[in-house]
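Single-structure report; data block below.
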Amino acid sequence: MPDLRCAEVRARLRQVWESPQSLNPALHRQAVTREIAGLLATLARALEGGKAGPRHTAAHVATFLMRCIFCMFAQSVGLLPPGSFSRLLERCRANLPGLVPLVGDLWHTMDTGGFCIALEAPVPRFNGGLFRPGPHGGADPLPVNVDELGLLIQAAGKDWAEVEPAIFGTLLENALDMKERGRLGAQFTPRAFVERLVLPTVMEPLRIDWDGVRAAADRKIEDGDTPAAAAFVRDFHAKLCAVRVLDPACGTGNFLYVTLELMKRLEGEVLDTLAGYAPNEAGRLDLAGVTVDPHQFLGLDVNPRAVPVAKLVLWIGYLQWHFRTNGRAPPAEPILRDFRTIQEADALLAYDRTEAERDGAGRPVSRWGGRTKLHPLTGEAVPDETDQVLVLRPVSGRQAAWPEADFIVGNPPFVAGKDLRAELGTGYAEALWAAYPELPPSADLALFFWWRAAEAVRSGMVRRFGFITSNSIRQVFCRKVIAKAMLGKDALHLVFAVPDHPWSQGVGSAAVRIAMTVAAPGLGMGRLLHVTRETMAAVPEVEVAVQEGIVNADLTVGANPGATERLSANEGVCSRGMSLHGAGFIVSPTTAAALGLGKVPGLEAHIRPYLNGRDMTGTSRGVLVIDLFGLTETEVRQRFPAVFQHLLLHIKPERDARATSGPDSAQYAKYWWLHGKPRPELRAALRGLPRYIATVETAKHRPFIFQPATLLPDNMLVCIATAEAYYLGVLSSRIHVSWALAAGGDLEDRPRYNKTRCFDPFPFPQGCSML
């Protein structure tokens, strides 16, 4: 009752009933983290300079900010005297030039340990490489102006003990990256989603091990042998402190940090149990440095800016956990250690050197680097043509080596197979395909990571791996790779899978759909999760239903369609449609008329209606396509000069420009007036048939729709062209009509049948019976 006299207590009780989510600590930590990252982005922008010209390099600014960040965190958790760094910055308001020597003295002392004159207090030894003199003028900080100092003081005043490392890394990287600052505050992965993958990948097998150790220890306690029980627990703790977890595309370390915290929770249970058997021993282990710490978490990433951020995230997360569980007792010195477990490296491809790709004229080839700018007229974001990246070709490419690890977990980058050349360069894509002959060129980039991890599990080097991939992993060309890994002598099985899961990068950002897969060696059962409800709020909520059984390569439980054998009788029944390799082949009815359609004899056979997947499943564009299959270049020029001129202007330059970009490009350039892949096998199958069945190659809900044979299908349509399919369609239409007559319908009511596509416009061929 006396507590109710406190206004703060009464306000909290009101929140419990009126707005309980406002008490959610995750919301508070996200808000604090976004606010801090926003301040850092503004400061980074100012220190790098703007239109007035550059002031400091991006690398120097990043080093300066990360050192400042750690000082702010250190004063919040008590590694530095509380508020000491903030007071030092405040003293510099009246003496701006003094900031460089004062903060520089602090950083030098933090590297070596000892009495700090700037703080007038002793400072523990931090080391770990963060404050070690480096290539940017040693530990000297950057000079700042009054406004920049104000931003530093404002950031230092925040509660850094409440920063959420699982999202802070991504936000900090974006704050340091000019290309990403526009998305700051939205770009982070919800922690709950990361845990959904980490738990079955790493924690489930570790907890199974722990359950076995506890059972053995309990038996020893029943026998009265307490020292033996303590020995069992002590041995398990030593093994836990030696477990290694690898993220081969670690980015800023979010997955590694979440795994670290979950393993620290398990360690807490282990030490509590050990304390019951051997009082005071658990505390001695922690003080001696025998504990789960960042040296067990290994990461690779090609982004040089992400690597130091990942190291910082791991140490901040580790120290947060230490002070939450040990109060103000400092960890063993040095506070930070440079384990060199997070490395800047290409996880897929190793090579001796790179050479610049060159075009036909010998000039270096570049590609767009990803930065956008606002169009001066429309105001929309468009590619910045000045942001160009040199395209490099690896020499002597081979599979890159991965560090030894017990578990592999992460979210590898997704680049669709069809985009590998454009995104990574022709040379890199070809070197990648050559280094991984087991994978089809159509596989997306994440699948290369999946295959490498699967091989590590199959060989017995890794206990489990779990990855986030695009939900297209269920499609045919991807699941073939998974099925191959699940078969053979050293097979593996999926112990956990979610085929379709939301993966928002944060509040206000676009949501994408992903799949989660966790694999273990041998044969066995697994769990398949289906999302039943999702709410993408500030703290996202996703409810799932669970199926148990053997999880198939297509991420289903039950009958395995992927294991069916090929029927020889079906050979040649299906074919994809035309692959144009040039948008200039597609013309509107107006353009077709200008080219002579309806006036030039014979042209109607070569300008035909055209259909792609969106035309078939949505609203058709009503376009036509130029199709000159069967004609030579001379015949086209003589018979259809206007069409020849049109393709000469709109197709030939593009084909010539790409003549050296791929193995088939020279052929495309030689036969420039024809479609890249004109599908002669489909044309032969359609000969004599009035229609065929078409379905979209990639579709969540698959329709099969009759199309007239005069209509030319696109590459994204799969076409079934057989006489049996035609007769089946006729028969089903007649049955529909017969059923309508039996129900009292009228054959004169043909429009109704046409609208529902039940009435068949094609008659039976002469001599063909109904049966």
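Evaluation of ILE153 against the conditions (1) modelled with pLDDT of 70 or more; (2) of a type in the set (A, V, I, L, M); (3) open to solvent by 30 Å² or more (accessible area, probe 1.4 Å) shows that the sole unmet condition is (3).
Every residue in segment 422-439 that is open to solvent by 40 Å² or more (accessible area, probe 1.4 Å) and under 18 Å from SER470 (Cβ atoms), please. Spell out how you get there, then give the answer.
Here is the first cut: in segment 422-439, the residues open to solvent by 40 Å² or more (accessible area, probe 1.4 Å) are 422-424, 430, 433-434, 437-438.
ALA422, GLU423, LEU424, listed by residue number.
Put simply, of ALA519, ALA515 the only residue that is in a strand (DSSP E or B), of a type in the set (Gly, Ala, Ser), surrounded by 15 or more Cβ atoms within 10 Å (Cβ to Cβ) and at pLDDT below 95 is ALA515.
Quickly run through segment 679-688 and pick out the residues that are in a loop (DSSP other than H, G, I, E, B) and either open to solvent by less than 30 Å² (accessible area, probe 1.4 Å) or charged (D, E, K, R) (or both). Let's see the steps before the verdict.
Looking only at segment 679-688, we keep the residues that are in a loop (DSSP other than H, G, I, E, B), and these are 679, 687-688.
The answer is ARG679, ARG687.
The single condition from (1) open to solvent by less than 60 Å² (accessible area, probe 1.4 Å); (2) on the phi > 0 side of the Ramachandran plot that GLY460 fails is (1).
Each row is one residue, and each column tells you yes or no for (1) among the basic types (Lys, Arg); (2) within 20 Å of the chain's Cα centre (by Cα); (3) on the phi < 0 side of the Ramachandran plot.
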position: ASP293; (1), (2), (3): no, no, yes
position: GLY299; (1), (2), (3): no, yes, yes
position: VAL307; (1), (2), (3): no, yes, yes
position: LEU312; (1), (2), (3): no, no, yes
position: ARG337; (1), (2), (3): yes, no, yes
position: ILE342; (1), (2), (3): no, yes, yes
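Only residues that are open to solvent by less than 20 Å² (accessible area, probe 1.4 Å), in a loop (DSSP other than H, G, I, E, B) and β-branched (Val, Ile, Thr) were counted across segment 315-354, and they come to 1.
Residues to consider are LEU99, LEU65; find the one that is under 37 Å from the mean Cα position of the chain (by Cα) and more than 22 Å from PHE323 (Cα to Cα). Let's see the steps before the verdict.
Details: LEU99 fails: under 37 Å from the mean Cα position of the chain (by Cα).
The match here is LEU65.
Taken over segment 236-250, the residue count meeting the criterion of being surrounded by fewer than 16 Cβ atoms within 10 Å (Cβ to Cβ) and of a type in the set (Lys, Arg) is 1.
Can we say PRO403 is over 30 Å from HIS295 (Cβ atoms) and out of contact with any Pro (no Cβ under 8 Å at 6 or more places or on another chain)?
In short, no.
Residues in segment 608-644 that are β-branched (Val, Ile, Thr) and without any contact (Cβ under 8 Å) to a residue 40 or more places away in the chain were compared, and the one that is nearest to THR695 (Cα to Cα) is THR619.
The numbered conditions (1) in a helix (DSSP H, G or I); (2) small (Gly, Ala, Ser); (3) under 41 Å from the mean Cα position of the chain (by Cα) are all true for SER620 except (1). Taken together, the residues in segment 657-670 that are open to solvent by 30 Å² or more (accessible area, probe 1.4 Å), in contact (Cβ under 8 Å) with a residue 12 or more places away in the chain and under 15 Å from LEU580 (Cα atoms) amount to 2.
Kindly list the number of the only condition in (1) under 28 Å from PHE323 (Cα atoms); (2) β-branched (Val, Ile, Thr); (3) not in a helix (DSSP H, G or I) that fails for VAL144. Failed condition: (1). Is it the case, given these coordinates, that THR660 is within 30 Å of TYR428 (Cβ to Cβ), among the β-branched types (Val, Ile, Thr) and under 38 Å from the mean Cα position of the chain (by Cα)? Judged against the criteria, THR660 is a match.
The residues of segment 76-116 that are open to solvent by 30 Å² or more (accessible area, probe 1.4 Å), farther than 20 Å from PRO143 by Cβ and among the β-branched types (Val, Ile, Thr) amount to a single one, THR112. In summary, helices (runs of 4 or more DSSP H) completely within segment 200-302 and bearing 1 or more residues that are in contact (Cβ under 8 Å) with a residue 24 or more places away in the chain and under 26 Å from PRO330 (Cα atoms) occur at 226-240, 254-277, 281-287. Among the criteria (1) among the small types (Gly, Ala, Ser); (2) closer than 30 Å to LEU197 by Cβ; (3) in contact (Cβ under 8 Å) with a residue 40 or more places away in the chain; (4) open to solvent by 30 Å² or more (accessible area, probe 1.4 Å), the one SER442 does not fulfil is (3).
Consider ASN174 carefully, then state whether it is modelled with pLDDT under 70 and of a type in the set (S, T, N, Q). So ASN174 passes the test.
Before we move on, is ALA605 touching a residue at least 12 places away in the same chain (Cβ under 8 Å) and more than 30 Å from ALA699 (Cα to Cα)? Quick ask: steps written out before the conclusion?
Values: touching a residue at least 12 places away in the same chain (Cβ under 8 Å): no; more than 30 Å from ALA699 (Cα to Cα): yes.
When the stated conditions are applied, ALA605 does not pass them.
Sort out which residues of segment 366-421 are assigned to a helix (DSSP H, G or I), touching a residue at least 12 places away in the same chain (Cβ under 8 Å) and loosely packed, with under 15 Cβ neighbours inside 10 Å, and write them in order of number.
Here is the first cut: in segment 366-421, the ones assigned to a helix (DSSP H, G or I) are 417-421.
Filter again for touching a residue at least 12 places away in the same chain (Cβ under 8 Å), leaving 417-418, 420-421.
Within segment 366-421, just LYS418 meets the criteria.
Every condition in (1) open to solvent by less than 80 Å² (accessible area, probe 1.4 Å); (2) of a type outside the set (Asp, Glu); (3) under 22 Å from CYS478 (Cα atoms) holds for VAL573 except the one numbered (3).
Here's the yes/no breakdown for (1) open to solvent by 10 Å² or more (accessible area, probe 1.4 Å); (2) of a type in the set (Gly, Ala, Ser):
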| residue | (1), (2) |
| --- | --- |
| ARG191 | yes, no |
| VAL194 | no, no |
| PRO200 | no, no |
| ILE208 | yes, no |
| ALA215 | yes, yes |
| ALA228 | yes, yes |
| ARG234 | yes, no |
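The conditions of being more than 24 Å from THR698 (Cα to Cα) and either in a helix (DSSP H, G or I) or in contact with a Gly (Cβ under 9 Å, 6 or more places away or on another chain) (or both) are not met by LEU597. Scan segment 452-490 for residues that are outside any helix (DSSP H, G or I) and over 18 Å from the mean Cα position of the chain (by Cα) and the total you get is 11. Among all residues of segment 579-593, there is at least one that is more than 38 Å from the chain's Cα centre (by Cα), of a type in the set (A, V, I, L, M) and surrounded by 12 or more Cβ atoms within 10 Å (Cβ to Cβ).
Of the residues ILE626, ILE651, ILE607, which single one is β-branched (Val, Ile, Thr) and more than 28 Å from ALA422 (Cα to Cα)? ILE607 is the lone residue from the list that is β-branched (Val, Ile, Thr) and more than 28 Å from ALA422 (Cα to Cα). Among the residues of segment 596-621 satisfying the criterion of being in contact with a strand residue (DSSP E or B) (Cβ under 8 Å, 6 or more places away or on another chain) and open to solvent by 20 Å² or more (accessible area, probe 1.4 Å), which is nearest to ARG637 (Cα to Cα)? This residue is HIS606.
The values are calculated or read from the model by the stated rules, or taken from the named source; none is laboratory data. Values in this document were obtained by computation on a predicted structure and should not be read as measured data. A quick note on method: Cβ atoms are made from the backbone with ideal geometry, for glycine too, and the neighbour counts reach across all protein chains shown. The area values use the complete protein model at the heavy-atom level, side chains included, leaving out ligands, DNA and RNA. Shrake-Rupley method; radii C 1.70, N 1.55, O 1.52, S 1.80 Å.
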